[in-house]
Amino acid sequence: MTTSTLSRTTDTRRPTTEETSERRRSLRGRRRRERWWAALFLGPQLAFLLLFTLIPLGFAVVLAFMKWDGLGEKSWVGFDNFQTQLSDPTFRDAVLNTLTLGLITVPVGLALALLIAMALNNVRGKTFYRVVYFLPVVTSSVAVAVIWQMLLASGDLGMLNNTVHDWFGITLPDWLNDPDWVMVAIAAVTIWSSLGLNVVIFLAGLQSIPAHLTEVARIDGAGPLRIFRHVTLPLLSPTIFFSFVVAVISSFQAFDQIYVLVDPDHNEGARTIVYQVYDLGFKKFEFGASSAAALLLTLMTIVVTLVQFRAQKRFVHYES
Amino acid sequence: MVTAIRRRIGTVALHTLLVVGGLLMVFPFIWMLLTAFKGEGQMIQDPLSWIPDPWRASNFPDALDAMPFGRAYWNSFYIAAITVVVTLLTASMAAYAFSRIDFPFSRSLFVVFLLTQMVPTQVTLVPLYVMLSHFGWIDTHLALILPAIANPFAVFMMRQFVRAVPIELEEAARLDGANRWTIFTRIVLPNIKPGMAALGIIVFLGSWNSFIYPLIFLNSEDKFTVPMLLASFKGQHGGLDYGMLLAASTISVVPMLIAFVIGQRKIINSMAASGMGGR
């Protein structure tokens, strides 16, 4: 503290002319040194970003306008890859399937997480429940898919269908093989495996709400629903918004659990955009078409994210 | 009296919700454990019995013999460890530059970092594959480690923590003649340890559970990570012997779950922080 006061006193002293030019020179030298330090500190991360994200991204944009199988000749094809994708029914199905997945997992997943977080907020044994709900989050998506594949299988093998049939005599759909039901099954597994993460995020948000605010509302005679609607929800809205954006993006990028849970080659109902990217790139070796599909996904992500940021002004309440 | 009863009912309802939800979370794991002890014939019994009869423990040694899980554990562990160490160091260095050094284009460069986060990683799959095979890195662990180090989220998160380090500490050290590097290693790093621990956990879990990169970049079984080996196990042995597949699944999951339960407080808080935008 004392040192900084000292330097401030020397600064306010009126400088002589030689001193000014000397200081200017040293200032210029200091600026140059600062640039070197910045380069040193920023260099490694920037180099990795350039080499493994930005250059590949640029390369993807170039590839999207080419026809190339990875080995033979490359040739320019203009917008052909984009046109082919957009008019290809498998791509359109992939977009629809991806959107269906998002439309189920985002609202249902977040509402359930909010409900459980609110319940946990007022209950003893919070630590225990947090651990229990978090178990699927730390489990690899491959293991999650292996387990659920057998729980959801049809016929005698599937735990769920078998038990429901034995107990209630109801025959449930063949979740993983029926194209109409497979996204529901995938959505359920996705919600199961990501619920805990959203629960702990919402719980952290709820606990940062000052207790006196809800207390004041209660003294004023507000019931639990009104407190939720007018106190809790507005104060939690930035957290909900953030989780919403992340959930939408990750639903757009769904791949791992689907790849293991169902083979989208055998069930077109499970084909997502990222599966399409993988299929075109690494099974059919159409690198150009794969890049075009991936860029369309990027465009979709950016547009939807921007729309959400636009819309947040109406729904999200930020405390200044 | 009435309010007391009503509150009682509310508490019961809350606990019921939490218990039912909790059972749904735990039940698939318990089912996995039990079924891992079943023999082939017991899978298709009708009515399905939960409890194996007889218990067939040999599924575990059989699964371990069939595929190199020990090797996969080592691979996953050292890949994740290297990724964590290098990411933590380079990301906090970049975070320090962005928050404490005044240099041209600092803001626009930071915006570039933020924007790259918007790009789905899947876009770079094909170009990365082409580049990595050009370098001869396909089917090596470098293909998993190096691309994972470029991590704008990590820079963003560490920046929040660096900004919270009191600037007075840094100024005092500068007056004592310390240079930027000394300040970074002696003052900044010790003060952002909690943030680094949180980020380390996030990066570790991300690397450990990553699937699409090993799927595309690795070919040989002895290089596989744990999730990749399990997926490959399912492809090769999973068609018939479900007991053995679930034994393999148990082998791949349970050590992680035990580690999680031991470090649960720190791990959960770190992941919650990641969801709050790094704070």
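The values are calculated or read from the model by the stated rules, or taken from the named source; none is laboratory data. This structure is a prediction, so every number in the text was calculated from the model and none was measured. A quick note on method: Cβ atoms are made from the backbone with ideal geometry, for glycine too, and the neighbour counts reach across all protein chains shown. Areas reflect the complete protein model, heavy atoms only, side chains present, ligands, DNA and RNA absent. Shrake-Rupley method; radii C 1.70, N 1.55, O 1.52, S 1.80 Å.
Could you list, in sequence order, the residues of the range B:49-72 that are under 20 Å from residue B:33 (Cβ atoms), touching a residue at least 60 places away in the same chain (Cβ under 8 Å) and open to solvent by 50 Å² or more (accessible area, probe 1.4 Å)? The answer is B:56, B:62, B:64. Residues in the range B:185-203 that are in contact (Cβ under 8 Å) with a residue 40 or more places away in the chain and more than 18 Å from residue B:98 (Cβ to Cβ): B:197, B:198, B:200, B:201, B:202, B:203.
Summed over the range B:211-240, residues that are in contact with an Asp or Glu (Cβ under 9 Å, 6 or more places away or on another chain), among the small types (Gly, Ala, Ser) and surrounded by fewer than 17 Cβ atoms within 10 Å (Cβ to Cβ) total 1.
Is it true that residue B:108 is farther than 28 Å from residue A:140 by Cβ and free of Cβ contacts under 8 Å to residues at least 12 places away in the same chain? For residue B:108, the condition - farther than 28 Å from residue A:140 by Cβ and free of Cβ contacts under 8 Å to residues at least 12 places away in the same chain - is met. Pick from the range B:20-37 the residues that are buried (at least 16 other Cβ atoms within 10 Å of the Cβ) and facing another protein chain (nearest Cβ under 9 Å): which of them is farthest from residue B:52 (Cα to Cα)? Per the criteria, the residue is B:21. The condition of being farther than 26 Å from residue B:123 by Cβ, touching a Leu at 6+ places or on another chain (Cβ under 8 Å) and assigned by the TED database to the domain that holds residue A:243 holds for only one of A:130, A:124, that being A:130.
Among the residues of the range A:42-57, none is identified as open to solvent by less than 30 Å² (accessible area, probe 1.4 Å), under 24 Å from residue A:290 (Cα atoms) and more than 7 Å from chain B (Cβ to nearest Cβ). Check every one of the helices (runs of 4 or more DSSP H) wholly within the range A:63-147 and list those with 2 or more residues that are under 21 Å from the mean Cα position of the chain (by Cα), surrounded by 19 or more Cβ atoms within 10 Å (Cβ to Cβ) and of a type in the set (A, V, I, L, M). Hits in the range A:63-147: A:89-121. Selection of helices (runs of 4 or more DSSP H) fully inside the range A:194-261 by the criterion of at least 2 residues being surrounded by fewer than 17 Cβ atoms within 10 Å (Cβ to Cβ), free of Cβ contacts under 8 Å to residues at least 24 places away in the same chain and charged (D, E, K, R) returns A:211-219.
Residue pairs whose Cβ atoms lie under 7 Å apart, separated by 6 or more positions or on different chains, with the first residue in the range A:62-84 and closer than 13 Å to residue B:127 by Cα and the second exposed (fewer than 14 other Cβ atoms within 10 Å of the Cβ) and among the aromatic types (Phe, Trp, Tyr), are A:66/A:76. The residues of the range A:159-184 that are among the charged types (D, E, K, R) and in contact with a Ser or Thr (Cβ under 9 Å, 6 or more places away or on another chain), listed by number, are A:174, A:178.
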